[in-house]
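Trainee: Before I ask anything, here is the structure I am working with.
The values are calculated or read from the model by the stated rules, or taken from the named source; none is laboratory data. This is a predicted model, so every value here is computed, not measured. For neighbour counting, all protein chains shown are included, and Cβ atoms are generated from backbone atoms with ideal geometry for every residue, glycine included.
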Amino acid sequence: MTQREAGTQEVSAMHGEVGYVLTGPSEETVSRYISHLKAAIDRALRGTGGDRDAFARLGLKREDFEGLGPIGRLAVFMRAQAALADQRMTSALVRRLIGRIPACDDRVKAHGFSRNLITANGDQYCAKKIYSSPTAMANMKLGELTTTPTKTGAGSYITTTSDYVSGSAHACDESSPKAGATNDIVYYAHTWAAGEATNANINRFAVVDNVTDAGEADATHTLLTALLDPKPVPKGASDTLKILDNVTFLAT
């Protein structure tokens, strides 16, 4: 990835991107939606199948995706969708691009892409991983505030007051954190299933070193924060929310 990649931001020696999908049914639908959409984009970039025609109708070209990772490619596609005024046309294109997932476009309630920010404590954590054994940053928490992510201060952690989403502190899944598309990328993922972290006003998330069901007193235990976009994410009791996060280490 490059510093100019859609959905990324250089932070110290790292940059990162975030993607989310909110659906009504099971986690399986979320995973299939993402995997089928990625495959459709790959097919279109290779110039095979009807997916290329759907890309043309969205005004997209191969050059729009050059140098982008999987989440960056999805970001370009979703932004092109959002630019279309006719939502019925958008729905038809989604059905075309995600293949044969029955009624999937009706079940996906929201999706989006944004940037994460490594906190000052996160910088120190990554350094300590080289010469010591700090507590692993392998968990996620959700928050309600719309505070812009910052290296320090209120934007660098999910707070305890009118922010932390009850029941959202979970260990990452998919055996993450783990290597991403290349070995210089750390990949994080978690799915909040139906009945978990139900909240109509989810606006941000953080990667932390604990699963304490509460917000943080300060940024000591936080690796990164990010605002979800678009927001808020209204997770109902029967909804599933999946967040994917990449952190890319740069040669600086």
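Residue-wise test of (1) at pLDDT below 95; (2) aliphatic (A, V, I, L, M).
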| position | (1), (2) |
| --- | --- |
| ASP184 | yes, no |
| THR191 | yes, no |
| ALA194 | yes, yes |
| ASN201 | no, no |
| THR225 | no, no |
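Trainee: Would you check which residues across region 194-220 are within 18 Å of THR147 (Cβ to Cβ) and assigned to a loop (DSSP other than H, G, I, E, B) and list them?
Mentor: Across region 194-220, the qualifying residues are ASN203, ALA214, GLY215, ALA217, ASP218.
Trainee: In this structure, is ALA189 among the aliphatic types (A, V, I, L, M) and either assigned to a helix (DSSP H, G or I) or farther than 16 Å from ILE118 by Cβ (or both)?
Mentor: When the stated conditions are applied, ALA189 passes them.
Trainee: Name every residue in region 221-235 that is over 15 Å from THR150 (Cβ atoms) and either free of Cβ contacts under 8 Å to residues at least 12 places away in the same chain or in contact with a helix residue (DSSP H, G or I) (Cβ under 7 Å, 6 or more places away or on another chain) (or both), in order of residue number.
Mentor: Within region 221-235, none qualify.
Trainee: Please count how many residues of region 100-131 are part of a loop (DSSP other than H, G, I, E, B) and either modelled with pLDDT of 95 or more or buried (at least 16 other Cβ atoms within 10 Å of the Cβ) (or both).
Mentor: Residues flagged as part of a loop (DSSP other than H, G, I, E, B) and either modelled with pLDDT of 95 or more or buried (at least 16 other Cβ atoms within 10 Å of the Cβ) (or both) within region 100-131 amount to 2.
Trainee: Here are the criteria: (1) over 20 Å from ASP229 (Cβ atoms); (2) touching a residue at least 60 places away in the same chain (Cβ under 8 Å); (3) aromatic (Phe, Trp, Tyr). Tell me which single one TYR131 does not satisfy.
Mentor: Exception for TYR131: condition (2).
Trainee: Go through (1) in contact (Cβ under 8 Å) with a residue 40 or more places away in the chain; (2) in a loop (DSSP other than H, G, I, E, B); (3) among the hydroxyl-bearing types (Ser, Thr, Tyr); (4) surrounded by 14 or more Cβ atoms within 10 Å (Cβ to Cβ) and name the single condition SER176 misses.
Mentor: Tallying (1) in contact (Cβ under 8 Å) with a residue 40 or more places away in the chain; (2) in a loop (DSSP other than H, G, I, E, B); (3) among the hydroxyl-bearing types (Ser, Thr, Tyr); (4) surrounded by 14 or more Cβ atoms within 10 Å (Cβ to Cβ), SER176 fails exactly one: (1).
Trainee: Going by the conditions given, is ALA206 within 17 Å of ILE118 (Cα to Cα), surrounded by 14 or more Cβ atoms within 10 Å (Cβ to Cβ) and more than 14 Å from the chain's Cα centre (by Cα)?
Mentor: In short, no.
Trainee: Same structure again: Given the criteria without any contact (Cβ under 8 Å) to a residue 12 or more places away in the chain and outside any strand (DSSP E or B), does LYS151 qualify?
Mentor: In short, no.
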